[in-house]
Amino acid sequence: MRVLVLNPGSSSLKYHLRDTACTPTGNAVLHSGQLEWADDQEDRGGSLRRVLQEVERDFGRPDAIGHRVVHGGESYTSPVSVTNDVIAMIRSLGTLAPLHNASSADCMEAAADLWPGLPQVAVFDTSFHRSIPDFASRYAVPENAYMAHPIRRYGFHGISVELACRDAKGFLAKQTGSLNAVVAHIGNGASVTAVKAGRSVDTSMGMTPLEGLVMGTRCGDLDPALVLLMLGEGATASDVDDILNHRSGLLSLAGTADMRTIAAGFHRGDPGAVLAVQASSYRLAKYIAAYAMAVGGPDAVIFTGGIGENSALYRAATLEWLRPLGYALDEDANRDEDANQSDRTGIRTVSTTASAVPVLVVPSDEERAIAESTASLLGSDKK
Ligand SMILES: Nc1ncnc2c1ncn2[C@@H]1O[C@H](COP(=O)(O)OP(=O)(O)O)[C@@H](O)[C@H]1O
Ligand SMILES: CC(=O)OP(=O)(O)O
Ligand SMILES: [Mg+2]
């Protein structure tokens, strides 16, 4: 089945045309691309239509579309066929994922306009985290105070984390369902997940993708009283949203959210870049140590996502904090130039054999997982 996968991020849309019938290691990429979102909503619709038209012109109409949807709330625990009701629910959850959900709903409507009747499937980042127990997902605040949606930790990046675990399990030759891992998905958005016996038991993102790690432009964990102080000093809710979602994180510490630029600054000794690497890696190391407890001892720590896969500096800085717990980096294997040491799935080990826990780099492939889920829901995965 030829599935067009649409993966809208906060600032861009990644799209892949995949053939799910191919290859033992996964589905084949027939075409892929990325567009940067325009700020204005009208232009967004136009750029979306152009992407779909370009795919149709060069490859013909796909058999189905698979969408990555960041927030599925409490309603969606597995992939679903897209209907008008589903689109409305995804839009209503947009208050909890303002950088992502509206884009998914826009993609679904643009595709339905251009290709009426073409099957569309929504695959949710939140689904994998439905196994998190109440003691880890419940916030100690009154339930439902002022909120349209249940107050709890939903967690995100589940599509990426689930597939990284599946791939790592093959690499480590573990039995199905038996993997204990701590998975750090570090891209523009970043989160870390505790996986026990193949199921998510805790994750650093929360009710929204703002909690947890220091991200490209998002603050991650902070004292919630800071929000009250800002409001008290005259900021509006939208000012606070802009500050915490768009102007914080690495950007606020180093003046850029791009880890490549930060790494260059770090090696020059630029204080902002040094602080950004220290603060972001320290936050991740704290979570890894805590989640090692949550999973009852990990079989592996996994780095994935744009930074996790490509930044030797970020991985080395994180493991340095974890050295007192016996984690040991293999400096040669960790070098990005050594990425060709990986197996054919692109997985490689960057820790020494003496390390308390093996540390792996596993390529993130959300598009492969979404294409597979789409074909599977539509009953065509055997074709
Ligand atoms: N070679 C590299 N070295 C360091 N960082 C990199 C490299 N390539 C990409 N990145 C980082 O990966 C980030 C994007 O990751 P990605 O997972 O694609 O993000 P998202 O899906 O959240 O938009 C960029 O911010 C960039 O800093
Ligand atoms: C949930 C999230 O932050 O996604 P991304 O990393 O793709 O922006
Ligand atoms: Mg991403």
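The values are calculated or read from the model by the stated rules, or taken from the named source; none is laboratory data. Remember, predicted model here, so these are calculated numbers, not experimental data. We place every Cβ from the backbone using ideal geometry, glycine too, and count neighbours over all the protein chains shown. With ligands, DNA and RNA removed, areas are computed over all heavy atoms of the protein, side chains included. Shrake-Rupley method; radii C 1.70, N 1.55, O 1.52, S 1.80 Å.
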Worksheet entry | Loop-resident sites, segment 109-180, for chymotrypsin sites (Phe, Trp or Tyr not before Pro), counting at most 15 other Cβ within 10 Å (DSSP) | TYR139, TYR146
Worksheet item: Summing Lys, Arg as +1 and Asp, Glu as -1, what charge do residues with Cβ under 12 Å from the Cβ of ILE186 carry, ILE186 excluded?
Response: +1
Worksheet item: Which value in nm describes the separation of the simple spin-label points at GLU320 and THR353, placed 7 Å from the Cα toward the beta carbon?
Response: 2.7 nm
Worksheet item: Mind checking the dipole of the chain: about its Cα centre, +1 per Lys or Arg Cβ, -1 per Asp or Glu Cβ, Debye to the nearest 20?
Response: 940 debye
Discussion item. Taking 4 °C and 1.567 mPa s as the conditions, I'd like the Stokes-Einstein D for segment 1-113 in µm²/s, using the Kirkwood hydrodynamic radius from alpha carbon pairs.
Written reply: 89 µm²/s
Practice prompt. Grab the beta carbon distance between ASP134 and LEU222, set R0 = 30 Å, and tell me the FRET efficiency rounded to 0.05.
Written response: 0.80
Response to the item:
One would report the antiparallel percent of DSSP beta bridges in the chain, rounded to the nearest 5, as 65 percent
Discussion item. Can you give me the distance in nm between label points at ASP43 and GLN175, each placed 7 Å from the Cα along the Cα-to-Cβ direction?
Written reply: 5.6 nm
Discussion item. Using alpha carbons only, how many angstrom separate the centre of segment 225-304 from the centre of segment 103-167?
Written reply: 23 Å
Fill in: Selection from VAL121, GLN34, LEU48 lying farthest towards where the dipole of the chain points positive, charges on Cβ
VAL121
Worksheet, complete the sentence: Candidates GLN278, GLN120, GLN175; GNM for the chain (alpha-carbon contacts under 10 Å) flags as most fluctuating GLN175
Item to complete: Scan the chain and note any complete DSSP helix (H) whose C-alpha atoms cover at least 15 Å along its axis and whose Kyte-Doolittle average is 0.0 or more.
Response: 101-114, 158-172, 271-294
Worksheet item: Looking at segment 218-320, which GluC sites (Glu not before Pro) are DSSP coil and have at most 14 other C-beta atoms within 10 Å of their C-beta?
Response: GLU233
Discussion item. Only sites in a loop by DSSP and with at most 16 other Cβ atoms within 10 Å count here; which GluC sites (Glu not before Pro) in segment 143-229 make the cut?
Written reply: GLU143
Worksheet entry | Whole-percent carbon and sulfur share, accessible surface of the chain, 1.4 Å | 52 percent
Worksheet item: Based on the alpha-carbon gyration tensor of the chain, what equivalent-ellipsoid semi-axes (square roots of 5 times the eigenvalues) come out, in whole Å, largest first?
Response: 31, 26, 21
Worksheet item: Taking Cα centroids, how far is segment 174-188 from segment 48-75 in Å?
Response: 28 Å
Practice prompt. Quick one: go through segment 195-239 and flag any residue whose amide nitrogen is under 16 Å from the point 7 Å out along the Cα-to-Cβ line of THR95.
Written response: 207-209, 237-238
Discussion item. Sequence gap of 8 or more, or different chains, plus Cα separation below 29 Å: how many lysine pairs satisfy both in the chain?
Written reply: 12
Response to the item:
Per the C-alpha gyration tensor (a ≥ b ≥ c, the square roots of its eigenvalues), segment 252-300 is rounded if a/c is under 1.5, else prolate if a/b beats b/c, else oblate; here it's prolate
Worksheet item: Taking segment 149-290 as the region of interest, what is the percent of Cα-Cα pairs per 5 angstrom bin, listed from the shortest bin to the one with the maximum distance?
Response: 2, 10, 16, 18, 17, 15, 11, 7, 3, 1, 0, 0
